[in-house]
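The structure under discussion is supplied below as structure tokens; questions concerning it will follow.
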Ligand code: FES
Ligand SMILES: [Fe+2]
């Protein structure tokens, strides 16, 4: 056992290249700019849950990797997404988090658009006659949108492979939970953490850090986690059971409260590359979506989801189950934020150089394989190896 000199500290860990990551992936501005283009600009991502847009003309806005979007359910019932920018002089068109509107009228010069993105109103339009400006060519920029299992997916790239090809079956394991009855978002939390987006992704893939969360230490006593990988960097884990009676006040998990296809003590997780996670704890579900703002800042959008049509009493119980584990003052979510921000403090300054993701347990238990799968896909899309992305 020995401490290391400055020169030794610069050396990569003595493990295979696939089993460590350079700190540059978190902090380098050029890498961040490329991620926006090569990853966020080309992959499908969850922009909303369908239950947030139950009625015709309901809309939600979402700033996705610094691209403002507006997601609308049209009069025909179809969900569409548009770049939230006015065709006239580019102002952000919709500036509310959500609502219901048959038309969107820009505050600046009152150009207006319908729920299908067509430009339907231009004040004093006769002044454009001389140049022949055609309103039918002034519609909003539509973004590809698909709904699967209630999740509204969008893709900024018109040429990207379709959603089913992208998912490669990664959602199949959630069919019984999410595809049996109607589910509903009952909790929405948007938090900006001071950390690179990948540091939060890692909290949803790092099974080893169970040790950090006191509730997990006590309740997740017999972890037989099985990790399944899918093409494209997606993952799911199954086989973990929680013993809630081991933590005071958490024992009220009855089968009657279980989500479809679940037992109340189930813990299942799905990670969709690059930025989404589906977390199921028997009676309640959480969906995380990350939106990078800068190399050092990330918006984490977390949704709590339960059964639509729950009795008031069951909804209250479900909210309790959600909030004690995943709410803003819970025993999990803030602890993960602390961990992500703690890594940011060292990687952003260059104080730390590498992280080690070398645990091998045959994709069981606390294997680091989930992070290795993520970084393999990250490296492939970026054309830069995560262990040495700046080729130094
Ligand atoms: S910028 Fe929207 S109407 Fe002018
Ligand atoms: Fe965690």
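Every number here is computed from the coordinates shown, using simple stated rules; none is lab data. What you see is a predicted model, and the numbers here were worked out from it, not measured in a lab. Note that we place each Cβ from the backbone using ideal geometry, even for glycine, and neighbour counts take in every protein chain shown.
Run the simple label-point estimate for residue 293 and residue 194 please: 7 Å along Cα→C-beta, distance reported in nm.
Placing both labels 7 Å beyond Cα along the Cβ direction yields 1.2 nm.
Kindly give the semi-axes, whole Å and largest first, of the ellipsoid equivalent to the stretch 175-382, taking each as the square root of 5 times a Cα gyration tensor eigenvalue.
Details: eigenvalues 155, 70, 59 Å².
Working through the eigenvalues yields semi-axes of 28, 19, 17 Å.
How big is the stretch 114-164 along each principal axis, measuring the range of its Cα positions in Å and listing the largest first?
Answer, in whole Å and largest first: 47, 22, 11 Å.
Which length gain, in nm to one decimal place, applies between residue 18 and residue 6 when the Cα-Cα distance is subtracted from 0.36 nm times their residue separation? Working shown, then result.
Values: separation 12, 0.36 × 12 = 4.32 nm, distance 2.37 nm.
Result: 1.9 nm gained on full extension.
Can you order the peptides 157-169, 329-341, 61-73 by their average number of other Cβ atoms within 10 Å per residue, highest first? The partial results should precede the final answer.
Values: 157-169: 13.8, 329-341: 17.2, 61-73: 21.4.
Top of the packing list down: 61-73, 329-341, 157-169.
Further question on the same structure: Would you order 250, 378 from fewest to most other beta-carbon atoms within 10 Å of each residue's own beta-carbon? Before the final figure, lay out the partial values.
Values: 250 19, 378 24.
Listing 250, 378 from fewest to most nearby Cβ atoms yields 250, 378.
Any chance you could list P(r) for the stretch 303-387, counting all Cα-Cα pairs in 5 angstrom bins from zero, rounded to whole %?
Binned Cα distances yield the sequence 3, 11, 11, 13, 16, 15, 12, 9, 6, 3, 1.
Roughly how far apart, in whole Å, are the Cα centres of the stretch 188-216 and the stretch 218-292?
The two parts, judged by their Cα centres, are 14 Å apart.
Between 29, 274, 123, where does the largest GNM mean-square fluctuation fall for the chain, given springs only between Cα atoms within less than 10 Å?
123
If a/c stays under 1.5 just call it rounded; otherwise compare a/b with b/c (prolate if a/b is bigger, oblate if not). Do that for the stretch 215-263, with a ≥ b ≥ c from the square roots of the Cα gyration tensor eigenvalues.
It comes out oblate by the Cα gyration axes.
On the first, second and third principal axes, largest extent first, how far apart are the outermost C-alpha atoms of the stretch 20-73 in Å?
47, 21, 16
Return the tail of the calculated pair distribution for the stretch 60-137, meaning the percent of Cα-Cα pairs more than 20 Å apart.
Details: 939 of 3003 pairs.
Pairs farther apart than 20 Å: 31 percent.
Note down the Stokes-Einstein diffusion coefficient of the stretch 76-233 in µm²/s, whole number, using a Kirkwood radius over alpha carbon pairs, 20 °C, and 1.002 mPa s.
Numbers: Rh = 20.3 Å.
Using the Kirkwood radius from Cα pairs, D works out to 106 µm²/s.
P(r) for the chain, please, calculated from all Cα pair distances in 20 Å bins and given in %.
Distribution as computed: 26, 54, 18, 2, 0 percent.
Just rank 356, 211, 287, fewest to most, by other beta-carbon atoms within 10 angstrom.
On the way: 356 13, 211 9, 287 23.
Least to most surrounded, the residues fall as 211, 356, 287.
Can you check what the Kirkwood hydrodynamic radius comes to for the stretch 171-290, Cα pairs only, in Å to one decimal?
Values: mean 1/r = 0.0650 Å⁻¹.
Averaging 1/r across every pair of different Cα atoms and inverting gives 15.4 Å.
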